[in-house]
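*Asks:* Structure provided below as structure tokens; questions to follow.
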Amino acid sequence: MTTKKAKSSTKAPVMTDLKGQTLVCLRTLTEKNPAALETYVKLGGYATFKRLVTDKVKATDIITEIKKSGLRGRGGAGFPTGLKWSFMPRYFDGVKYLVCNTDEGEPGTFKDRDIIRYNPHQLIEGMAIAAYTLGARVGYNYIHGEIWQDYEAFEAALHEAKAAGYLGEHLFGTHFSFDLYAVHGYGAYICGEETALIESIEGKKGQPRFKPPFPASYGVFGKPTNVNNTESYASIPWIMQHSGQAFADLGVANSGGTKLFSVSGHVEKPGNYEVKMGTPFTELLELAGGVWKGRKLKAVIPGGPSTAVLPASVIEAATMDYDSLSKARSSLGAGSMIVMDETTCMVKALHRLSYFFYEESCGQCTPCREGTGWVYRIIDRIVKGQGKMEDLDLLTDVSKNISGRTICALGEAAATPVLSFIKHFRLEFEYYIEHGKSMVDSKAEPSNVKH
Amino acid sequence: MLSPQSIEKIEYELTKYPANQRQAAVMSALRIVQTERGWLSQESISEVAQYLGMPEIAAMEVATFYNMYDLAPVGKHKITVCTNISCMLRDSDVIVDHLKEKLGVGFNEVTPDGQFCLKEGECMGCCGGAPLLHVNNTEMHEFLTTEKVDAILEALKK
């Protein structure tokens, strides 16, 4: 039932300009029907999984290889994937679970969507290899509710993989069995947090769990569970095919491999670009066609709004990897690069972001529930011309009091934009408060956000 | 009463979970019933809860927590426009203003003929295609211009 033929899910054109990119997670993009099973198999897909299972390669050997690759969690936290895998209990009397987090809801993040719509089988193979390594019997890929057409296409890819003998019972005639299902969210940013996501899989509202216990000991239905991001799983088949070292060599120290960067905002060619870790920011910007309309760069949020905004001069000197961006006092995050040109009003940009965090706070922890609303109301009155100079210190104070005082990282994520916008663009905020209007006077500026 | 079609779809979702975890299917069950009936009434939510053998309040919690569930009628076509940062930077406010003018309604309002409802959405995870909108929780339309919006509305009216 509901089995449909796999097809490209939306009318958006397949990106054809692959110049300057190094394709690992999106390697099928060079082909005509990138999402098709035949395409993936033609490129050597599923062969690695089959070899590992039929040769009975030891789990510890696979984990060692993943550790060597330098792969770090691509969902934003950057935790070493191999290390995470080693936390899963080896011996457990019962079903262990595998979960993939395709719940992209952080503004500016849209890379996992392209993996599931252009190269779903590499994700499936990556999850299957992980399941074999960790002894997981059942897996779920939790997909953002809004990308419904891509969810359906991924379900179809799952049926295809099952029919072809890559999922299901006694795979390749061995004792290894793995069932993988697609499940969907229905509009909640917080479900990108792994324990909120687990709650959601269980059919509950997505409120993060207190940790410890971590999912590796108490996850889906209270069973040991490994949760990784889509891009992390999709990197696994390549690593196990070419070796951990080969993957590490694609990147730079502490940042192995390639990374998908979602470039949005004021660029000529927004979209996903898969490049080597350590690629200079300026090169990536150039791939995205540069700042649109021939304008000057003002600021960039390098990894999604939960990472600190950086002024042009700082980001232009950075390379796109964990260490360089952390040195610049921001973070790689999920690689969600939001580009803002000289006409952007930073006060209004922060206004919109603060509304987002207020709207998406799950309400569980008081500092976040109350604090995000408070922050939004202060910025809202500044935008309406009713701000006071002491509001800037108040904003900083409230934000610092959210940070670190909540169960999950949303609190910190909400505080980061406030603190970084005020730090780097304080003059603009002061001007707005003093004059009751934006310092950036241009028709092209985003004129209003009404709520 | 849930329709046989809805039950068939819910049963398919239930195959994804252990037999003693029927509640896990509530997200999709609510979605299925909403798609069939247009929105989720208190009665619909309680029917879903009963079918899955879970407390009604737990189903209610889910229906009120996730913002793609509609707890009031939304007309035949629900149009959700993203106004978050990436869309805002690419002038989603122009699209919003255009839609408001064309439809003659504001956010969270239904046109008098019951055809359209306009909603403001949070990030849909497709920011490369900004500005964008979503129709009835399923159809994504990207790289919008006012002309494209007109064409979408025309097609929906048919």
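*Asks:* Can you say whether A:Gly303 is more than 20 Å from A:Gly256 (Cβ to Cβ), within 14 Å of chain B (Cβ to nearest Cβ) and part of a loop (DSSP other than H, G, I, E, B), as far as the supplied structure shows? Can you show your working first?
*Replies:* Numbers: more than 20 Å from A:Gly256 (Cβ to Cβ): no; within 14 Å of chain B (Cβ to nearest Cβ): yes; part of a loop (DSSP other than H, G, I, E, B): yes.
Criteria not met by A:Gly303.
*Asks:* Can you tell which of B:Ala58, B:Ala63, B:Ala72 is at the interface with another protein chain (Cβ under 10 Å from one of its Cβ atoms) and open to solvent by 10 Å² or more (accessible area, probe 1.4 Å)?
*Replies:* Working: B:Ala63 fails: open to solvent by 10 Å² or more (accessible area, probe 1.4 Å); B:Ala72 fails: at the interface with another protein chain (Cβ under 10 Å from one of its Cβ atoms).
After applying the criteria, what remains is B:Ala58.
*Asks:* Residue by residue through the stretch A:244-270, note down the ones that are among the small types (Gly, Ala, Ser), outside any helix (DSSP H, G or I) and open to solvent by less than 10 Å² (accessible area, probe 1.4 Å).
*Replies:* Listed by number, the residues that qualify are A:Ser255, A:Gly256, A:Gly257, A:Ser262, A:Ser264, A:Gly265.
*Asks:* Could I ask something else about it? Does at least one position in the stretch A:379-386 carry a residue that is within 12 Å of another protein chain (Cβ to nearest Cβ), open to solvent by 10 Å² or more (accessible area, probe 1.4 Å), without any contact (Cβ under 8 Å) to a residue 40 or more places away in the chain and not β-branched (Val, Ile, Thr)?
*Replies:* Just the residues of the stretch A:379-386 that are within 12 Å of another protein chain (Cβ to nearest Cβ), to begin with: none.
No, there is no match, as no residue in the stretch A:379-386 is within 12 Å of another protein chain (Cβ to nearest Cβ), open to solvent by 10 Å² or more (accessible area, probe 1.4 Å), without any contact (Cβ under 8 Å) to a residue 40 or more places away in the chain and not β-branched (Val, Ile, Thr).
*Asks:* Restrict the check to the stretch A:176-195 and report whether at least one residue is surrounded by fewer than 19 Cβ atoms within 10 Å (Cβ to Cβ), away from chain B (no Cβ under 14 Å) and not hydrophobic (A, V, I, L, M, F, W, C).
*Replies:* Yes, some residue in the stretch A:176-195 is surrounded by fewer than 19 Cβ atoms within 10 Å (Cβ to Cβ), away from chain B (no Cβ under 14 Å) and not hydrophobic (A, V, I, L, M, F, W, C).
*Asks:* Moving on. Quick check: is even one residue across the stretch B:131-144 without any contact (Cβ under 8 Å) to a residue 40 or more places away in the chain, more than 7 Å from chain A (Cβ to nearest Cβ), in a loop (DSSP other than H, G, I, E, B) and open to solvent by 10 Å² or more (accessible area, probe 1.4 Å)?
*Replies:* Yes, that holds for at least one residue.
*Asks:* When B:Glu13 is evaluated against the numbered criteria (1) open to solvent by 20 Å² or more (accessible area, probe 1.4 Å); (2) at the interface with chain A (Cβ under 10 Å from one of its Cβ atoms), which criterion, by number, is the only one it fails?
*Replies:* Here B:Glu13 meets the rest and fails (1).
*Asks:* Let me ask something else about it. Within the stretch B:17-27, does at least one residue satisfy the condition of being more than 8 Å from chain A (Cβ to nearest Cβ), crowded, with 20+ Cβ neighbours inside 10 Å and touching a residue at least 12 places away in the same chain (Cβ under 8 Å)?
*Replies:* no
*Asks:* Among the residues of the stretch A:308-339, which ones are among the hydroxyl-bearing types (Ser, Thr, Tyr) and within 15 Å of A:His266 (Cβ to Cβ)?
*Replies:* A:Ser336, the sole residue that qualifies.
*Asks:* OK, next. Is it fair to say B:Asp113 is facing chain A (nearest Cβ under 10 Å) and either free of Cβ contacts under 8 Å to residues at least 12 places away in the same chain or in a loop (DSSP other than H, G, I, E, B) (or both)?
*Replies:* On the way: facing chain A (nearest Cβ under 10 Å): no; either free of Cβ contacts under 8 Å to residues at least 12 places away in the same chain or in a loop (DSSP other than H, G, I, E, B) (or both): yes.
In short, no.
*Asks:* If you go through the stretch B:87-120 one residue at a time, how many are surrounded by 15 or more Cβ atoms within 10 Å (Cβ to Cβ) and among the small types (Gly, Ala, Ser)?
*Replies:* Matching residues across the stretch B:87-120 total 1.
*Asks:* Please find, among A:Ala59, A:Ala12, A:Ala35, the residue that is surrounded by 14 or more Cβ atoms within 10 Å (Cβ to Cβ), of a type in the set (A, V, I, L, M, F, W, C) and modelled with pLDDT under 95. It would help to see each step written out before you state the result.
*Replies:* Values: A:Ala59 fails: modelled with pLDDT under 95; A:Ala35 fails: modelled with pLDDT under 95.
Exactly one of A:Ala59, A:Ala12, A:Ala35 is surrounded by 14 or more Cβ atoms within 10 Å (Cβ to Cβ), of a type in the set (A, V, I, L, M, F, W, C) and modelled with pLDDT under 95, namely A:Ala12.
*Asks:* Give me the pairs: first residue in the stretch A:197-225 and within 23 Å of A:Thr133 (Cβ to Cβ) and more than 8 Å from chain B (Cβ to nearest Cβ), second residue part of a helix (DSSP H, G or I) and open to solvent by 10 Å² or more (accessible area, probe 1.4 Å), beta-carbon distance under 8 Å, and six or more apart or on different chains, which are they?
*Replies:* Cβ pairs passing all conditions: A:Pro215/A:Glu194; A:Ala216/A:Lys84.
*Asks:* I'd like to check something: does the stretch A:323-340 contain any residue that is without any contact (Cβ under 8 Å) to a residue 40 or more places away in the chain and within 23 Å of A:Ile379 (Cα to Cα)?
*Replies:* no
*Asks:* Regarding the stretch A:59-69, can at least one residue be identified that is basic (Lys, Arg) and either free of Cβ contacts under 8 Å to residues at least 60 places away in the same chain or not in a helix (DSSP H, G or I) (or both)? Please lay out each step first, then the result.
*Replies:* Our first condition is that a residue be basic (Lys, Arg); within the stretch A:59-69, this holds for A:67-68.
With either free of Cβ contacts under 8 Å to residues at least 60 places away in the same chain or not in a helix (DSSP H, G or I) (or both) added as a condition, the list becomes none.
So far as the stretch A:59-69 goes, no, none of its residues is basic (Lys, Arg) and either free of Cβ contacts under 8 Å to residues at least 60 places away in the same chain or not in a helix (DSSP H, G or I) (or both).
*Asks:* Output the qualifying pairs, or none if there are none: Cβ atoms under 7 angstrom, residues six or more apart or on different chains, first residue in the stretch A:396-421 and closer than 14 Å to A:Ser330 by Cβ, second residue modelled with pLDDT of 95 or more and not in a helix (DSSP H, G or I).
*Replies:* Pairs that qualify, where the first residue is closer than 14 Å to A:Ser330 by Cβ and the partner is modelled with pLDDT of 95 or more and not in a helix (DSSP H, G or I), are A:Thr416/A:Thr307; A:Thr416/A:Ala308; A:Pro417/A:Val309; A:Ser420/A:Ala308; A:Ser420/A:Val309; A:Phe421/A:Val309.
*Asks:* Those residues that are touching a residue at least 60 places away in the same chain (Cβ under 8 Å), open to solvent by 10 Å² or more (accessible area, probe 1.4 Å) and not aliphatic (A, V, I, L, M), I need them from the stretch A:229-243; list them, please. Talk me through it step by step, then tell me what you get.
*Replies:* Going through the stretch A:229-243, the residues touching a residue at least 60 places away in the same chain (Cβ under 8 Å) turn out to be A:229-241, A:243.
Then drop every residue that is not open to solvent by 10 Å² or more (accessible area, probe 1.4 Å), which leaves A:229, A:238, A:240-241, A:243.
Those that are touching a residue at least 60 places away in the same chain (Cβ under 8 Å), open to solvent by 10 Å² or more (accessible area, probe 1.4 Å) and not aliphatic (A, V, I, L, M): A:Asn229, A:Trp238, A:Gln241, A:Ser243.
*Asks:* Scanning the stretch A:127-161 for residues that are of a type in the set (D, E, K, R) and more than 16 Å from A:Ala35 (Cβ to Cβ), which turns out least open to solvent (accessible area, probe 1.4 Å)?
*Replies:* To start, the set of residues in the stretch A:127-161 that are of a type in the set (D, E, K, R) comprises A:137, A:146, A:150, A:152, A:155, A:160.
Next, only the ones that are more than 16 Å from A:Ala35 (Cβ to Cβ) stay: A:137, A:146.
On the way: A:Arg137: 69, A:Glu146: 15 Å².
Of everything passing the filter in the stretch A:127-161, A:Glu146 is least open to solvent (accessible area, probe 1.4 Å).
*Asks:* Still on this structure, please answer the following. From the set of residues in the stretch A:113-153 that are among the polar types (S, T, N, Q) and more than 9 Å from every other protein chain (Cβ to nearest Cβ), which is nearest to the chain's Cα centre (by Cα)?
*Replies:* Going residue by residue through the stretch A:113-153, those that are among the polar types (S, T, N, Q) are A:119, A:122, A:133, A:141, A:149.
After this cut, where a residue has to be more than 9 Å from every other protein chain (Cβ to nearest Cβ) as well, the list is A:119, A:122, A:133, A:141.
Values: A:Asn119: 16, A:Gln122: 17, A:Thr133: 23, A:Asn141: 14 Å.
Filtering first and then ranking leaves A:Asn141.
*Asks:* Can you tell me which residue within the stretch A:422-451, out of those that are under 27 Å from B:Pro131 (Cα atoms) and open to solvent by 90 Å² or more (accessible area, probe 1.4 Å), is modelled with the lowest pLDDT?
*Replies:* A:Lys443
*Asks:* Taking the stretch A:349-366 on its own, how many of its residues are in a helix (DSSP H, G or I) and open to solvent by 40 Å² or more (accessible area, probe 1.4 Å)? It would help to see each step written out before you state the result.
*Replies:* First, the residues of the stretch A:349-366 that are in a helix (DSSP H, G or I): A:349-360, A:366.
Filter again for open to solvent by 40 Å² or more (accessible area, probe 1.4 Å), leaving A:358-359, A:366.
Count: 3.
The values are calculated or read from the model by the stated rules, or taken from the named source; none is laboratory data. This one's a predicted model, so the numbers in the text were calculated from it and none came from an experiment. Counting neighbours? That spans all protein chains shown, and the Cβs are built from the backbone with ideal geometry, glycine included. All accessible areas refer to the heavy atoms of the entire protein, side chains included, with ligands and DNA or RNA removed. Shrake-Rupley method; radii C 1.70, N 1.55, O 1.52, S 1.80 Å.
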